Protein chains: 4
Amino acid sequence: MSTQSRIRLGMVGGGEGAFIGAVHRAAAALDSMFTLTAGAFSSTPEKAVRSGIALGVAPERAYPSWQAMLDAERQRPANERIELVAIVTPNHTHYEIAKAFAEAGFHIISDKPLATTSAQAADLAAVVARTGVLFGVTYNYSGYPLIKEAAALVRDGAIGDIRKVFVEYHQGWLATPLESSGQKQADWRTDPNRAGIGGAIGDIGTHAEHLLTCVTGLQIHSLCADLSSFVPGRKLDDDASILLRFTSGAKGVLTVSQICVGEENNLTLRIHGTTGSIAWRQEDPNQLTLCALDGQRRIITRGSANTHPTTAQATRLPSGHPEGFIEAFANIYRSMAMAIHARRTNSPHQPDYPTLHDGARGVAFIETVVQSAAQGSKWLPFPH
Amino acid sequence: MSTQSRIRLGMVGGGEGAFIGAVHRAAAALDSMFTLTAGAFSSTPEKAVRSGIALGVAPERAYPSWQAMLDAERQRPANERIELVAIVTPNHTHYEIAKAFAEAGFHIISDKPLATTSAQAADLAAVVARTGVLFGVTYNYSGYPLIKEAAALVRDGAIGDIRKVFVEYHQGWLATPLESSGQKQADWRTDPNRAGIGGAIGDIGTHAEHLLTCVTGLQIHSLCADLSSFVPGRKLDDDASILLRFTSGAKGVLTVSQICVGEENNLTLRIHGTTGSIAWRQEDPNQLTLCALDGQRRIITRGSANTHPTTAQATRLPSGHPEGFIEAFANIYRSMAMAIHARRTNSPHQPDYPTLHDGARGVAFIETVVQSAAQGSKWLPFPH
Amino acid sequence: MSTQSRIRLGMVGGGEGAFIGAVHRAAAALDSMFTLTAGAFSSTPEKAVRSGIALGVAPERAYPSWQAMLDAERQRPANERIELVAIVTPNHTHYEIAKAFAEAGFHIISDKPLATTSAQAADLAAVVARTGVLFGVTYNYSGYPLIKEAAALVRDGAIGDIRKVFVEYHQGWLATPLESSGQKQADWRTDPNRAGIGGAIGDIGTHAEHLLTCVTGLQIHSLCADLSSFVPGRKLDDDASILLRFTSGAKGVLTVSQICVGEENNLTLRIHGTTGSIAWRQEDPNQLTLCALDGQRRIITRGSANTHPTTAQATRLPSGHPEGFIEAFANIYRSMAMAIHARRTNSPHQPDYPTLHDGARGVAFIETVVQSAAQGSKWLPFPH
Amino acid sequence: MSTQSRIRLGMVGGGEGAFIGAVHRAAAALDSMFTLTAGAFSSTPEKAVRSGIALGVAPERAYPSWQAMLDAERQRPANERIELVAIVTPNHTHYEIAKAFAEAGFHIISDKPLATTSAQAADLAAVVARTGVLFGVTYNYSGYPLIKEAAALVRDGAIGDIRKVFVEYHQGWLATPLESSGQKQADWRTDPNRAGIGGAIGDIGTHAEHLLTCVTGLQIHSLCADLSSFVPGRKLDDDASILLRFTSGAKGVLTVSQICVGEENNLTLRIHGTTGSIAWRQEDPNQLTLCALDGQRRIITRGSANTHPTTAQATRLPSGHPEGFIEAFANIYRSMAMAIHARRTNSPHQPDYPTLHDGARGVAFIETVVQSAAQGSKWLPFPH
């Protein structure tokens, strides 16, 4: 992409010591469709500026705070100012920052969860409806090519009507009170003031819900959730088991844990329909299993012939050349880039990234799960 | 084993067209510790006799009915009559047959479920307590060597205190109304009159509960079950999702299905403790994964060095030479044979097979699951 | 099978402490088609008798030597004497024993290698041609159901014309001088006086050659072999790498090792044709991978629908219920039983077990490999 | 990395329709350590310029030919001109281009094979020795973190002295005469005028040799190669089977194919030592198996605790978040960037990327393999 046409990206958060900010930058860099132009990379002003310079941002655009960035960038001429703002801060700040930039007309790509309450999510939706900015949420696992294939297979009827869905997202890195050691990632994720009401359910459970929904197209009707905080002293859940009923009559089981010793980042989706089934594991993302009623079991590999066009478009390398987490994440950025280019030229465009709507549903999911658990693991309706 | 010392085995059920009867016979034959001496192999007298003769039983001991077998065998001198009766009939008849033979002093090996109600199970327990016969229940999956290894690892503290357990038993063979086609296996399993109150939960869910309990040693405190009958017209459940709470504070998820297209006989157990985890899959039974808190992941293979003595004893072949379902089943028979030999000589013996107690708990499990589901997937205490 | 119609089996070797004898007995017992009637279970007379009695053979037929067994059994009336002799002794004795029993009209099932020289193999072939006895060789890996499926797929043209074949048989149990410790299995296998001219190549390489040939139907045209004895002091090869050229123009690579630390019993076959490919691993024998030119990759499981009739006949259990090494071995016994029954009734019968012809080719293979290696890994023609 | 300190990258080849050029650019972009500043992206001048502009290069630095780029860039001041030239053209042009740029003092990163003859490689080595430029060769598979782990494990003695090595690189995409269809990748790779004397052996066999050598540290003593051209009409080899002997006494088997239907990019390395073994598959690159003599089998995952520092440095994401081909490729670029930064400041630096030396050995390997095959698969010494 010619330099002029690259999209000017600003970032809030993601400075020294952060994890996800670096992933966003790698994802944005991979296809050379973005230029990291400005940033407020930390809530500590000196660190924010220092990080920005280290990351190659022009010193005058390495801002000490996101408010300063907002003020300065909105003053710049349209052909200079940042176009897309990536929000990669702890959960409790997403809403405020997103709202401010959306009000000012900047496009947004925000980490999940979108907000800490459904009221905030609704407020954000109102702002976005008014200003018309593009808004993406980094449910990054939906960027995997074979997740697009799975969704296309379901849509095309390859497995018939869905009856039962299993989605699990199991990690083990919080099996000990890692937050006591000052480890940064553990620290804020287990702190209700920064993470919100959900622990594991907010950190990774919402990814599981999104993956399930975006592949199956099912709508949750009601759910029954059992949350646990297994590690002594932990204030938020570190484990969740959830029974799901869908409006179609299908049923599901969604389990989430960060205390499953031995698990690294095991996000697995299995969908059983009347005439077939699909299985996919994030840790082995370059293949998908498709079974038929007669027992025929096919392995579909990323990059192989005969996949759906949306799958092929989300693929950079031939089959057998593994793509991974960053490439999937980069697909979210690439989809946003295409939407922004369409917007530049007022072309019609169908978004192919997780939207504010997905983000709002994710917040409602966390809320409903926490409420069900608080009421003794009672069945509750899921608003939609 | 010298011919004289082989145990004389009688069988009820398992004639022409049956599946599990042939497995019992192969399991009993494998180690040449039993002689199939008598049988009432069908509820249809002619078929029973014909099957017995075809199976090599002496014509006079190929009985037309189990009652005839009971009458005749009890008349025979002790050194001639059958010693162990294998009950491989449809579920609803287990209790009656087992009770009659136990009353008469024969040892029993019965298919699961032990009975159709807890009252029957309690009655059987009383009879067995009175007559002192040995009573095994073919929770055959517990016969796999690496299941013995898993149980030994848990007992020895290799994974610390258990927090979360996942057990799933997923099949797909009943995804269509196979019972309408007259297929014999599907026919009785989906018929409440012969299968009892549980469909999938009674046929395979009880295996999952037993495997979980025998490996972990945990006691279920309460459960919340959602049962479904996905195939139109089916009278019993063909799918179950169950949340478990254990008396120790651990939690679990047990899922069972016979409509999961693509699944063959996927019984999988995953146990996460404070310091480690264990995973095992029945379809790949010759290896077990043991993970430690520091991320170290070990594959333990059946037959390899350094396994627990009980594992090694349950192993016939060197590592890399696969053992399977029949070998595991045969381990139940072998354990019963050892118990019977100990009984012959009045030697002390610790049973290493699933007992009446396991069978009774299995019946209670089915009952509680069905009740929970009937009450809108409500949490119910599990009696113990 | 009714007791009368069971085949009377005699065994030479396989007493206390032996490994393969027990496998033969389990394989013969599994389907209740044989009765172990006589045996000379050791070359040490007392041990032979003691083993026979312990194994349930009538004391008068627990012979002190195979010569005694031969003398006595041939005197017995036809309806009493053993029909099939299993030879499970160390390699150097196979020929002499097989010849003696074949001369006397007994059917034979012999361990591989058939003999220690091609001259012996030719002599045996002449005897068998004259007496007409049935002669099987326990190339047991060919008994796996999915090996039958692979052969059927090749025959049916599912992968087109074969171009390249990879077969490997890697073990690690002889990575140390285990023979110095007196371990019985290691001891005779590494001793040229008992094992013959081949070490690993004779013990397991010949299995690899047979599997390759029976599945592909290819004929070896010439070969180039590099043999090693990696363990200091070892007299026979413990590792072999062999390039193969077939008469059809196809090529192959066959590797064999007993010093591959970490390998248990890794016998793997991969066949690439012009339009497809097949892969199978003995350690995971219940599935086979079939790929097509367009990248479609299918997993075929044992017991699943749509397999070839010969595969289904060699299958005892439904899919997902693992079968293993003993079941495959038992398929060789079952095939011999069917051949013997056909012989009893003079019915036409197509043998479905490895024959003397396969055994003789195996001996030639070992000889040619050893000669090639001895001549500096030179290409040599393979006689056929 | 601040914009000023980014390394200015020029590229030769890799324009419209090319595959590997895009991979180089993604690899260079991933860590934001390079700026693509100039290029001669095609041998067709118009296409070269058009591609450069489309890729965001300033129009005056989107050169019509590499000679024009060389002339113009050497005129620019040191702080403007490109520092590193990536050569991603067909094989036959590598030497000429590399030599010209190296003579002019530019650092080089070249695709393999380095040259088409050992004489060319020696000439290049002389130029580089004289000018002192840094020279990397994209044996990109050595960039995988777990390959660095494997090499460290071998160096640290984790598997003892190596006895046997298996390396295979199997693809299936050239199983048909794809070159006849005009497919660009197939076209030049099967054309001796552009690919050189090696087909599959030059395209991927040299990767296999490099991986083997860089992990094991072994030196090939002699080899015996059998090459085939299975696809009718193909002028170069599409399949190779090679026996290896190492100077240490170890032995190896290296197989390469592009006609293995069903294989995508299966590069697998297995190393067996006296006390342990290592196995790794490129298609599943985030795990490595390490076995010990006692049968203990460990799975080491990328990103997990306790890996070697060089492995950890080559890792961007936590365990369970898959990295793939591009990340490994980017590690070569990152290592070159670090070397260039060290050179800028005259700091001592140990190169951690494949060098000219590796490239020259790769050329010798191709030559020796082709000669061995041409002489009837004769054993030939390997020069070193």
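Against the conditions (1) away from chain C (no Cβ under 14 Å); (2) modelled with pLDDT of 95 or more; (3) in contact with a helix residue (DSSP H, G or I) (Cβ under 9 Å, 6 or more places away or on another chain), where does residue D:126 fall short? Just the number, please.
Residue D:126 satisfies all of (1) away from chain C (no Cβ under 14 Å); (2) modelled with pLDDT of 95 or more; (3) in contact with a helix residue (DSSP H, G or I) (Cβ under 9 Å, 6 or more places away or on another chain) except (3).
May I ask you to list pairs of residues, at least six apart or on different chains, whose Cβ atoms are under 6 Å apart, with the first in the range D:319-344 being away from chain A (no Cβ under 14 Å) and the second being buried (at least 24 other Cβ atoms within 10 Å of the Cβ) and in a helix (DSSP H, G or I)?
Close Cβ pairs (under 6 Å, with a partner that is buried (at least 24 other Cβ atoms within 10 Å of the Cβ) and in a helix (DSSP H, G or I)) amount to D:332/D:140; D:332/D:143.
Can you say whether residue A:98 is in contact with a strand residue (DSSP E or B) (Cβ under 8 Å, 6 or more places away or on another chain), surrounded by fewer than 16 Cβ atoms within 10 Å (Cβ to Cβ), assigned to a helix (DSSP H, G or I) and of a type outside the set (Phe, Trp, Tyr), as far as the supplied structure shows? Full working, then the answer.
Values: in contact with a strand residue (DSSP E or B) (Cβ under 8 Å, 6 or more places away or on another chain): yes; surrounded by fewer than 16 Cβ atoms within 10 Å (Cβ to Cβ): no; assigned to a helix (DSSP H, G or I): yes; of a type outside the set (Phe, Trp, Tyr): yes.
The answer is no for residue A:98.
Quick one: count up the residues across the range A:49-90 that are within 29 Å of residue A:189 (Cα to Cα), aliphatic (A, V, I, L, M) and not in a loop (DSSP other than H, G, I, E, B).
The total comes to 11.
Between residues in the range B:179-193 that are closer than 15 Å to residue B:19 by Cα and residues that are surrounded by fewer than 17 Cβ atoms within 10 Å (Cβ to Cβ) and not β-branched (Val, Ile, Thr), which pairs lie under 7 Å by C-beta distance while being six or more apart or on different chains?
If the second residue must be surrounded by fewer than 17 Cβ atoms within 10 Å (Cβ to Cβ) and not β-branched (Val, Ile, Thr), the pairs left are B:184/B:17; B:185/B:19; B:188/B:194.
In the range B:1-31, how many residues are away from every other protein chain (no Cβ under 13 Å), of a type outside the set (Gly, Ala, Ser) and in contact with an Asp or Glu (Cβ under 8 Å, 6 or more places away or on another chain)?
Selection size over the range B:1-31: 1.
Output the strands (runs of 3 or more DSSP E) that fall wholly within the range D:186-271 and possess 3 or more residues being more than 14 Å from chain A (Cβ to nearest Cβ) and of a type in the set (Val, Ile, Thr), or say none. Reasoning before the result, please.
Details: elements: D:220-228, D:239-246, D:251-257.
It comes to D:251-257.
In the list C:93, C:35, which residue meets the criterion of being within 27 Å of residue C:354 (Cα to Cα), in a strand (DSSP E or B) and among the hydroxyl-bearing types (Ser, Thr, Tyr)?
Details: C:93 fails: in a strand (DSSP E or B).
On inspection, the qualifying residue turns out to be C:35.
When you look at residue D:21, is it in contact with a Lys or Arg (Cβ under 8 Å, 6 or more places away or on another chain) and either surrounded by 16 or more Cβ atoms within 10 Å (Cβ to Cβ) or closer than 26 Å to residue A:303 by Cβ (or both), yes or no? Give the steps one after another, and end with the answer.
Values: in contact with a Lys or Arg (Cβ under 8 Å, 6 or more places away or on another chain): no; either surrounded by 16 or more Cβ atoms within 10 Å (Cβ to Cβ) or closer than 26 Å to residue A:303 by Cβ (or both): yes.
No.
Go through the range B:366-384 and report how many residues are under 25 Å from the mean Cα position of the chain (by Cα) and either within 11 Å of chain A (Cβ to nearest Cβ) or closer than 12 Å to residue B:241 by Cα (or both).
Summing the residues that are under 25 Å from the mean Cα position of the chain (by Cα) and either within 11 Å of chain A (Cβ to nearest Cβ) or closer than 12 Å to residue B:241 by Cα (or both) in the range B:366-384 gives 4.
Quick check on residue A:216: is it buried (at least 23 other Cβ atoms within 10 Å of the Cβ) and at pLDDT below 95?
It is false that residue A:216 is buried (at least 23 other Cβ atoms within 10 Å of the Cβ) and at pLDDT below 95.
Picking from A:65, A:118, A:110, which residue would you name as being more than 14 Å from every other protein chain (Cβ to nearest Cβ), buried (at least 24 other Cβ atoms within 10 Å of the Cβ) and of a type in the set (Ser, Thr, Tyr)?
Working: A:65 fails: buried (at least 24 other Cβ atoms within 10 Å of the Cβ); A:118 fails: buried (at least 24 other Cβ atoms within 10 Å of the Cβ).
Only one candidate passes the filter, namely A:110.
Restrict the check to the range C:32-40 and report whether at least one residue is out of contact with any strand residue (DSSP E or B) (no Cβ under 8 Å at 6 or more places or on another chain), surrounded by fewer than 24 Cβ atoms within 10 Å (Cβ to Cβ) and within 13 Å of chain B (Cβ to nearest Cβ). Break it down stepwise before answering.
So in the range C:32-40, the residues out of contact with any strand residue (DSSP E or B) (no Cβ under 8 Å at 6 or more places or on another chain) come out as none.
No - not one qualifying residue is present in the range C:32-40.
So which residues in the range B:289-341 are of a type in the set (Ser, Thr, Tyr), over 26 Å from residue C:170 (Cα atoms) and touching a helix residue (DSSP H, G or I) at 6+ places or on another chain (Cβ under 7 Å), if there are any at all?
In the first step, residues of the range B:289-341 are kept if they are of a type in the set (Ser, Thr, Tyr); the result is B:289, B:301, B:304, B:307, B:310-311, B:315, B:319, B:333, B:335.
Imposing the further condition that a residue be over 26 Å from residue C:170 (Cα atoms) reduces the set to B:310, B:333, B:335.
The answer is B:310, B:333.
Residue check, residue D:32 against (1) in contact with a Ser or Thr (Cβ under 8 Å, 6 or more places away or on another chain); (2) at pLDDT below 95, all met but one. Which one?
(1)
Among the residues of the range B:285-306, how many are more than 7 Å from every other protein chain (Cβ to nearest Cβ), outside any strand (DSSP E or B) and surrounded by fewer than 24 Cβ atoms within 10 Å (Cβ to Cβ)?
1
Run residue D:310 past the list (1) within 10 Å of another protein chain (Cβ to nearest Cβ); (2) of a type in the set (S, T, N, Q); (3) more than 21 Å from residue D:208 (Cα to Cα) and report the number of the one that doesn't hold.
It fails just one condition, (1).
Could you check the range A:151-171 and list, in sequence order, the residues that are touching a Leu at 6+ places or on another chain (Cβ under 8 Å), surrounded by 24 or more Cβ atoms within 10 Å (Cβ to Cβ) and part of a loop (DSSP other than H, G, I, E, B)?
Correct list: A:159 only.
Counting just the residues of the range C:272-284 that are within 13 Å of chain B (Cβ to nearest Cβ) and touching a residue at least 40 places away in the same chain (Cβ under 8 Å), which one comes out nearest to residue C:190 (Cα to Cα)? First the steps, then the outcome.
From the range C:272-284, those within 13 Å of chain B (Cβ to nearest Cβ) are C:280-284; that's our starting set.
Going one step further and asking which of them are touching a residue at least 40 places away in the same chain (Cβ under 8 Å), we end up with C:280, C:282.
Numbers: C:280: 29, C:282: 24 Å.
By that ranking, first place goes to C:282.
Among the listed residues A:16, A:46, identify the single one that is in a loop (DSSP other than H, G, I, E, B) and surrounded by fewer than 22 Cβ atoms within 10 Å (Cβ to Cβ).
Residue meeting the stated conditions: A:16.
The values are calculated or read from the model by the stated rules, or taken from the named source; none is laboratory data. Because the structure is a prediction, the values reported are computed rather than measured. Glycine gets a Cβ as well: all are built from the backbone with ideal geometry, and neighbour counts include every protein chain shown.
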